[in-house]
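J.: Pasting in a structure now, in structure tokens, and then I'll have a few things to ask.
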Amino acid sequence: MDATKTSGPFDRLAEYFADHPRHLFYLQILPPLLFVVFFVFVPLASIFAWSFWSVQGNRLIPGFSTNAYAEFLGVGYPTWRAEIFLKTLRIAVSQTLIALVVGFAIAYFVGIKLRGSKYALPLLLLFAVPFLTSYLLRTLSWHVVLQTQGIINSALMALGLIKVPITWLIFSEFAVHIGLLSTYLPFMIFPIWLAMSRIDSNVLAASADLGGTPKDTLFRVVIPLTLPGMLIGSIFVFVGVLGDSVVPQILGGPTDGSGTLIANLIDKAVSGQQYPLAAAIASIILLTAIGLILGWERVFGLKKIGEI
Amino acid sequence: MTLWKILVAFFVLYILMPPLLLVSISFEPSGFVRPLTGFTFHWYDVMLRTRGLMDALFKSIILAVLTMVITTFLALNAALGYRKTRFKTIVIAIMILPIFLPGLIQGFSLSIVLGQFLGMQRSIWTELAGHVLWALPFAFLVILTSMSVVRRETVLAALDLGANEWRAFKDIEYPIIKPGITSAAIFSFVLSFNEFSRTYYLQGIGPTIPTYVWNKITVAITPEIFALSALTVIISLSLIAVATVYLTMVGRVAEEVTKQETPKGLRILRRREKASTGSALVGNQ
């Protein structure tokens with residue numbers, strides 16, 4: 001294969017770009033970057049602006065008013081939205097903790113205990129698979145499992161273990177947690193596993209050589225080294241719960257309030273054409289997300305992203 | 001150790017159960033949710049005859065194909081450009097950030113920008129924008145990872161021998177990363193096919209599959225919905241299996257190419273490299 005032989009129409013283009021490498025670079029990197037900047041960052045930044053505007057009929061009118069925030073936080077307005085916000089935060093925190101414990105355990109198993117085994121990577125990918133199926137359908141599936149005539153209740157009744165269906169399985173905070181974990185567990189597993197896989201085997205061997213039990217190694221070596229991964233996973237889960245409107249509606253209950261979380265409030269506001277209000281709620285969620293990410297960056301530095 | 005295995009097995013089931021359950025229900029004759037009492041394609045038949053449903057299926061497929069083509073092209077170029085820049089962290093941060101942010105909010109904000117400020121009606125193009133945005137970070141990461149297998153020496157050797165950059169790419173790099181590009185394309189298809197939260201605010205006339213299902217289940221859950229859901233799951237899982245096979249091929253093709261070109265000394269060096277990342281308690285020999 002003679003690399004110098006020219007063939008085909010692209011070679012003249014190639015000659016041009018060989019003489020002007022910068023042009024090729026811009027041509028390659030700018031479209032995707034600009035796409036993301038204009039379709040993601042600009043709209044998200046605009047949300048912050050819109051939250052101070054007002055709305056007439058169907059259109060947003062520029063202006064400045066903190067009305068939307070007041071309405072959301074219940075200052076001079078009914079406080080039910082703020083209560084939902086607090087409830088969402090609570091659920092987000094507990095969900096993050098659950099995901100942290102379970103996700104860490106699984107990542108530990110795959111990344112440390114199964115290190116070098118040929119089963120490690122397939123097992124890991126197994127956890128990634130459901131992510132690529134529809135999140136709406138997965139939640140629907142949980143509804144089917146947990147409902148009063150659902151799989152769990154039918155099975156328990158058929159086995160004679162209960163006489164009456166368990167009602168708190170569905171339309172409850174329990175159901176919401178089950179559904180959320182199903183979606184966000186992989187988000188927690190992967191960053192933690194990534195951080196764990198970078199721990200040099202020699203370090204683990206050294207810990208054992210110095211007389212450490214597996215528990216010692218876990219607490220004094222593995223956990224500190226995987227801390228960045230654990231925090232990234234936590235941010236994923238926390239922000240994800242804040243932005244989730246599907247699980248509350250399908251699995252949450254109207255009675256204990258888990259059926260409406262703040263993402264549902266955004267939805268309600270949009271259907272009511274209260275765009276500034278929706279923007280205000282969204283801004284608060286976004287600022288929380290950005291704040292957490294920046295906090296992570298402040299502690300660990302941007303370079304860690306490259307490593308992870 | 002067995003305790004660990006039981007625990008992890010439990011969570012594997014926990015994670016895999018939802019999609020597989022949908023498949024099981026879709027074949028259940030009674031139309032109720034219960035363990036299989038029989039096996040039937042009846043609900044698939046109903047599904048094929050439900051007009052609105054088939055329209056949604058058709059639309060989802062078209063959208064997914066478009067997303068696949070555009071996203072893969074953008075991701076490939078982004079990965080190629082990323083390697084050349086000094087500002088690697090900024091570029092990666094920009095490309096990856098959308099994953100962190102809730103889809104609902106991205107869809108909402110984009111719909112306002114496109115609707116109120118650019119005066120665009122919601123259409124397949126607005127949905128396409130949302131889908132591409134969702135798939136782009138993942139495709140980018142997959143292609144970038146598959147590029148890391150390409151040994152720099154091989155490319156440099158080609159350039160030394162007089163090839164221009166296009167030739168070096170086409171004849172050396174591209175064959176190696178082609179499986180990676182293919183699997184990135186497949187992932188983009190699957191991600192778009194299943195995407196819901198961004199599409200929700202951006203949808204034009206006619207729903208996609210997830211939006212159709214959403215509209216239906218807020219009224220009532222009917223059996224042909226399960227047939228549709230099961231079909232979606234089966235398509236997604238099959239494509240993922242294909243993509244995974246392609247991904248494993250990336251490593252193997254690279255091995256082949258470099259085995260032919262690498263002189264003996266480099267090969268010994270790399271064998272030593274591999275040995276040092278073995279099991280924790282064995283150590284180096």
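The values are calculated or read from the model by the stated rules, or taken from the named source; none is laboratory data. Predicted model, so just to flag it, every value in this text is computed and none were measured. Cβ: placed from backbone, ideal geometry, glycine included. Neighbour counts: every protein chain shown.
J.: What's the number of the condition B:F10 fails, among (1) of a type in the set (F, W, Y); (2) farther than 14 Å from B:L231 by Cβ; (3) surrounded by 14 or more Cβ atoms within 10 Å (Cβ to Cβ)?
T.: The one condition B:F10 does not meet is (3).
J.: To continue, here is another question. When B:S30 is evaluated against the numbered criteria (1) within 26 Å of the chain's Cα centre (by Cα); (2) under 14 Å from B:E224 (Cα atoms); (3) among the hydroxyl-bearing types (S, T, Y), which criterion, by number, is the only one it fails?
T.: For B:S30, the failing item is (1).
J.: For the range B:84-96, indicate whether the set of residues that are more than 9 Å from chain A (Cβ to nearest Cβ), touching a residue at least 12 places away in the same chain (Cβ under 8 Å) and either within 21 Å of B:E195 (Cβ to Cβ) or of a type outside the set (G, A, S) (or both) is non-empty.
T.: Checked the range B:84-96: no residue is more than 9 Å from chain A (Cβ to nearest Cβ), touching a residue at least 12 places away in the same chain (Cβ under 8 Å) and either within 21 Å of B:E195 (Cβ to Cβ) or of a type outside the set (G, A, S) (or both).
J.: Also: Determine whether B:G31 is among the small types (G, A, S) and in contact (Cβ under 8 Å) with a residue 60 or more places away in the chain. Lay out the reasoning, then the answer.
T.: Working: among the small types (G, A, S): yes; in contact (Cβ under 8 Å) with a residue 60 or more places away in the chain: yes.
Against the criterion (among the small types (G, A, S) and in contact (Cβ under 8 Å) with a residue 60 or more places away in the chain), B:G31 qualifies.
J.: Out of (1) assigned to a helix (DSSP H, G or I); (2) among the β-branched types (V, I, T); (3) facing another protein chain (nearest Cβ under 10 Å); (4) over 23 Å from the mean Cα position of the chain (by Cα), what's the single condition that is false for A:V241?
T.: That leaves (4) as the condition not met.
J.: Which of the helices (runs of 4 or more DSSP H) contained wholly in the range A:170-225 include at least 2 residues that are in contact with a helix residue (DSSP H, G or I) (Cβ under 7 Å, 6 or more places away or on another chain) and buried (at least 21 other Cβ atoms within 10 Å of the Cβ)?
T.: Numbers: elements: A:173-197, A:201-209, A:214-217.
Passing ranges, in order: A:173-197.
J.: Quick check on my filter: what residues within the range A:82-113 are crowded, with 19+ Cβ neighbours inside 10 Å and not β-branched (V, I, T)?
T.: Scanning the range A:82-113 gives A:F85, A:A92, A:Q95, A:A99, A:G103, A:F104, A:A107, A:Y108, A:F109, A:G111.
J.: Something else now. Which one of A:S258, A:S245, A:S234 is farther than 21 Å from B:P98 by Cβ and either hydrophobic (A, V, I, L, M, F, W, C) or surrounded by 21 or more Cβ atoms within 10 Å (Cβ to Cβ) (or both)?
T.: Values: A:S245 fails: farther than 21 Å from B:P98 by Cβ; A:S234 fails: farther than 21 Å from B:P98 by Cβ.
A:S258 is the lone residue from the list that is farther than 21 Å from B:P98 by Cβ and either hydrophobic (A, V, I, L, M, F, W, C) or surrounded by 21 or more Cβ atoms within 10 Å (Cβ to Cβ) (or both).
J.: In addition: Kindly indicate the residue of the range B:202-235 that is surrounded by 24 or more Cβ atoms within 10 Å (Cβ to Cβ) and facing chain A (nearest Cβ under 7 Å) and also nearest to B:W125 (Cα to Cα) among those meeting that condition.
T.: B:P210
J.: So which residues in the range A:1-55 are at pLDDT below 80 and not in a loop (DSSP other than H, G, I, E, B)?
T.: Scanning the range A:1-55 gives A:F10, A:D11, A:R12, A:L13, A:A14, A:E15, A:Y16, A:F17, A:A18, A:D19, A:P21.
J.: Right, another one. Of all residues in the range A:199-218, which are within 13 Å of chain B (Cβ to nearest Cβ) and either under 30 Å from the mean Cα position of the chain (by Cα) or polar (S, T, N, Q) (or both)?
T.: The answer is A:I199, A:D200, A:S201, A:N202, A:S207, A:T217, A:L218.
J.: Is it fair to say A:S258 is closer than 18 Å to A:L140 by Cα and either part of a helix (DSSP H, G or I) or in contact with a Ser or Thr (Cβ under 7 Å, 6 or more places away or on another chain) (or both)?
T.: Yes; evaluated as a whole, the condition is true for this residue.
J.: Being at pLDDT 70 or above, on the phi < 0 side of the Ramachandran plot, in contact with a helix residue (DSSP H, G or I) (Cβ under 6 Å, 6 or more places away or on another chain) and more than 10 Å from every other protein chain (Cβ to nearest Cβ) narrows it down to one of B:R198, B:R252, so name that one.
T.: Going through B:R198, B:R252 in turn, just one is at pLDDT 70 or above, on the phi < 0 side of the Ramachandran plot, in contact with a helix residue (DSSP H, G or I) (Cβ under 6 Å, 6 or more places away or on another chain) and more than 10 Å from every other protein chain (Cβ to nearest Cβ): B:R198.
Residues checked against (1) farther than 27 Å from A:V42 by Cα; (2) of a type in the set (G, A, S):
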site	(1), (2)
A:L204	yes, no
A:P224	yes, no
A:I235	no, no
A:V239	no, no
A:D244	no, no
A:L261	no, no
A:V270	no, no
A:A278	no, yes
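Matching residues to (1) modelled with pLDDT under 90; (2) among the β-branched types (V, I, T):
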residue: B:R167; (1), (2): yes, no
residue: B:Y174; (1), (2): yes, no
residue: B:I177; (1), (2): yes, yes
residue: B:I181; (1), (2): no, yes
residue: B:A185; (1), (2): no, no
residue: B:S192; (1), (2): no, no
residue: B:L202; (1), (2): yes, no
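J.: A further question follows. Need a quick list: helices (runs of 4 or more DSSP H) entirely within the range A:70-155 having at least 2 residues that are under 30 Å from A:S51 (Cβ atoms), more than 8 Å from chain B (Cβ to nearest Cβ) and of a type outside the set (D, E, K, R). Working first, answer last.
T.: Details: elements: A:80-108, A:120-128, A:135-146.
Once the helices (runs of 4 or more DSSP H) in the range A:70-155 are filtered for at least 2 residues that are under 30 Å from A:S51 (Cβ atoms), more than 8 Å from chain B (Cβ to nearest Cβ) and of a type outside the set (D, E, K, R), what remains is A:80-108.
J.: I would also like to ask the following. In the range A:261-274, which residues are surrounded by fewer than 23 Cβ atoms within 10 Å (Cβ to Cβ) and in a loop (DSSP other than H, G, I, E, B)?
T.: Within the range A:261-274, A:G272, A:Q273, A:Q274 qualify.
J.: So, in the range B:34-56, exactly how many residues are within 13 Å of chain A (Cβ to nearest Cβ) and either in contact with a Leu (Cβ under 8 Å, 6 or more places away or on another chain) or touching a residue at least 24 places away in the same chain (Cβ under 8 Å) (or both)? Explain how you work it out, then say what you get.
T.: Restricting attention to the range B:34-56, the residues satisfying the condition of being within 13 Å of chain A (Cβ to nearest Cβ) are B:34-37, B:56.
Next, only the ones that are either in contact with a Leu (Cβ under 8 Å, 6 or more places away or on another chain) or touching a residue at least 24 places away in the same chain (Cβ under 8 Å) (or both) stay: B:56.
Matching residues across the range B:34-56 total 1.
J.: While we're looking at this one, here's another question. Could you tell me whether A:F25 is within 22 Å of B:T85 (Cα to Cα) and surrounded by fewer than 19 Cβ atoms within 10 Å (Cβ to Cβ)? Spell out how you get there, then give the answer.
T.: On the way: within 22 Å of B:T85 (Cα to Cα): yes; surrounded by fewer than 19 Cβ atoms within 10 Å (Cβ to Cβ): yes.
Yes, satisfied.
J.: Can you work out which of the residues in the range B:45-92 that are of a type in the set (F, W, Y) and at pLDDT 85 or above is surrounded by the fewest Cβ atoms within 10 Å (Cβ to Cβ)? Write out each step before concluding.
T.: Quick first cut of the range B:45-92, residues of a type in the set (F, W, Y) only: B:58, B:73, B:82, B:87.
Within this subset, residues satisfying the condition of being at pLDDT 85 or above are B:58, B:73, B:82.
Values: B:F58: 13, B:F73: 15, B:Y82: 21.
My answer is B:F58.
J.: Which of the residues belonging to the range B:123-164 are buried (at least 17 other Cβ atoms within 10 Å of the Cβ), free of Cβ contacts under 8 Å to residues at least 24 places away in the same chain and within 11 Å of chain A (Cβ to nearest Cβ)?
T.: Result: B:A158, B:A163, B:N164.
J.: Kindly indicate whether B:L63 is within 14 Å of chain A (Cβ to nearest Cβ), touching a residue at least 60 places away in the same chain (Cβ under 8 Å) and under 30 Å from the mean Cα position of the chain (by Cα). Give the derivation first.
T.: Working: within 14 Å of chain A (Cβ to nearest Cβ): yes; touching a residue at least 60 places away in the same chain (Cβ under 8 Å): yes; under 30 Å from the mean Cα position of the chain (by Cα): yes.
Considered against the rule, which asks whether it is within 14 Å of chain A (Cβ to nearest Cβ), touching a residue at least 60 places away in the same chain (Cβ under 8 Å) and under 30 Å from the mean Cα position of the chain (by Cα), B:L63 comes out as yes.
J.: For the range A:3-59, name all the residues that are within 8 Å of chain B (Cβ to nearest Cβ) and touching a strand residue (DSSP E or B) at 6+ places or on another chain (Cβ under 8 Å).
T.: Within the range A:3-59, just A:W50 meets the criteria.
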